[in-house]
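One structure is given below, encoded as structure tokens.
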Amino acid sequence: SLHKCCVLFERIYKMTIPGQLVLKLLCCFTVATWAVRNDEGPNPKPEAIEPKLEEITKVDPIPGSQTWYKVNNLAKSVHKCGNSQFCCMRGCRYIVELDKCGECQGHNVKQLSPAEEIKQYQATMRKFRIPSGMDNKGPILGCWKKNAGSCIDKDQKAACCCMPGFNFDFDTRQCVSDGEDPSNKEEPIPGTEAWGIIYGKARKKTFGLKAKKCAWHPKKYCCNRGCTYQLENDKCGQCKFDDGSVTPPKEVIKRFIAENGNYVIPRSIAKPGPSGICWVKHSKRCVAQGSTQGLCCCYSGFYFSFASRRCLEPAQQQKEIEEDEAEDEAAEAQAAAAAEGQSDAQSANAAGNTAGNAATLANDDDLKRAMSRSVSGKDRGGASHTSLSLALLVLIFTLWR
């Protein structure tokens, strides 16, 4: 095709031998350029590959890091990201227990995201465990977060945990009501209203930080997570890691009644004085068969009520039982409403974080589009180069005519 093209040009334009030589060279250059750019043989020119930007557009903010101080941004392993949050630098790992980024490796080392690290942490330590970097059991005040108390973790070490009925939420860094697990609920100790100022027992019973006021039963006390109500001492103790085997206070009381009778008063609540007088109304000193230990027993026709810690007639006792059950139902409804409200708030917070992350990714999207335009611009430049060569050929032909 190249030979025919050149012969045709010689016949149409009667030129001198030097002119014909120049024309042939130009023709050869133009056709060769066209052939190279349109070659569809076994080794085509590879197309321009757009750089992958998945790693650039990936943002993994640390849940709840909006509560961090701004000075944290000075750490080499941290940078700001998302909606006023922080991210770990590439190759750095989020250490949940310490609530910081560390154990950094090369920038091309893929670490688990903070959300994945938290998921693994809660699967091991349970959802109620509070990392020591967020709340720590101090020597005097203990755990300071609301609805949190001292506990024993899985490693048998002193730590901070959310009280029964609550789980730790990393987004808000607070103990929130558990609306999913029915077994995770408050277990108030009946009659602990008597631990108040009147009897002067509140400090004694809660000394050692093993019990605190209940959230949904504000007049009563609840044992810290993993601690058992000791009826023989009328306080909480024998604390261990909460594996779900802790006996609720009401079950402890039922066992005592089954073994001793519903008229016997535990010595931890009332015991006879030197003269044999018991301070509980309608009660008197009594001794069990085969025992020398004096106890306080309610009179015949009366039963001991653990709810009010009094000796009552059957009708009065039944009324107290019904009131206690109604109080428990109201508390459970209040806890369920709180859990639902927290769920809505978490959804709104997640939406806000998503919007913040989307704003962070906007610059990356612009970068991606710019690189795409750059690649396509190169293709347009190649096409322009071919067109320019053809235009130059036509111009030479016209001038030689």
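The values are calculated or read from the model by the stated rules, or taken from the named source; none is laboratory data. Small disclaimer: the values here were computed from a predicted structure and weren't measured. Cβ atoms come from the backbone with ideal geometry, glycine included; neighbour counts cover every protein chain shown. To get the accessible areas, we keep the full protein, side chains included, count just its heavy atoms, and leave off ligands, DNA and RNA. Shrake-Rupley method; radii C 1.70, N 1.55, O 1.52, S 1.80 Å.
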- Query: Residues with amide H under 5 Å of Lys212's amide H, sequence separation 5 or more or different chain, H placed in the peptide plane at 1.01 Å from N; which?
  - Reply: Cys222, Asn224
- Note on the structure: Mean Cβ-within-10 Å packing, highest first, puts peptides 224-230, 80-86 in the order 224-230, 80-86
- Note on the structure: Between Arg310 and residues 5 or more places away or on another chain, the pairs with built amide H atoms under 5 Å apart involve Ser305
- Query: Restricting attention to the stretch 94-186, which chymotrypsin sites (Phe, Trp or Tyr not before Pro) occupy a DSSP loop and are surrounded by at most 13 other Cβ atoms within 10 Å?
  - Reply: Trp144
- Output the peptides 183-189, 68-74, 277-283 sorted from most to least packed, where packing is the average of other Cβ atoms within 10 Å over each peptide's residues. 183-189, 277-283, 68-74
- Item | Theoretical FRET efficiency, 1/(1+(r/R0)^6), r = Cβ-Cβ of Gln105 and Ser245, R0 51 Å, to 0.05 | 0.80
- At Tyr299 and Glu97, where each label point lies 7 Å from the Cα along Cα→Cβ, what is the point-to-point distance in nanometres? 6.1 nm
- Item | 18 Å Cα-Cα threshold exceeded, pairs from Lys119/Lys154; Lys157/Lys185; Lys210/Lys235; Lys146/Lys220 | Lys157/Lys185
- Message: Between Glu313 and Glu232, what's the calculated FRET efficiency when r is the beta-carbon distance and R0 is 22 Å? Round to 0.05.
- Response: 0.25
- Would you please state the base-10 log of I(q)/I(0) at q = 0.11, 0.19 1/Å for the stretch 76-169, with intensities from the Debye formula using one equal scatterer on every alpha carbon? -0.38, -0.93
- Query: Rounded to the nearest whole Å², what accessible area per residue is found for the stretch 141-180 with the 1.4 Å probe?
  - Reply: 44 Å²
- Note on the structure: Contour minus Cα-Cα span, Ala158 to Ala115, at 0.36 nm per residue, comes to 13.0 nm
- Contour minus Cα-Cα distance for Glu322 and Ala194 (0.36 nm per residue): 44.1 nm
- Under Karplus coefficients 6.51, -1.76 and 1.60, residue-wise ³J(HN,Hα) of the stretch 84-91 in Hz, glycine/proline x: 6, 10, 10, 10, 7, 5, 4, x
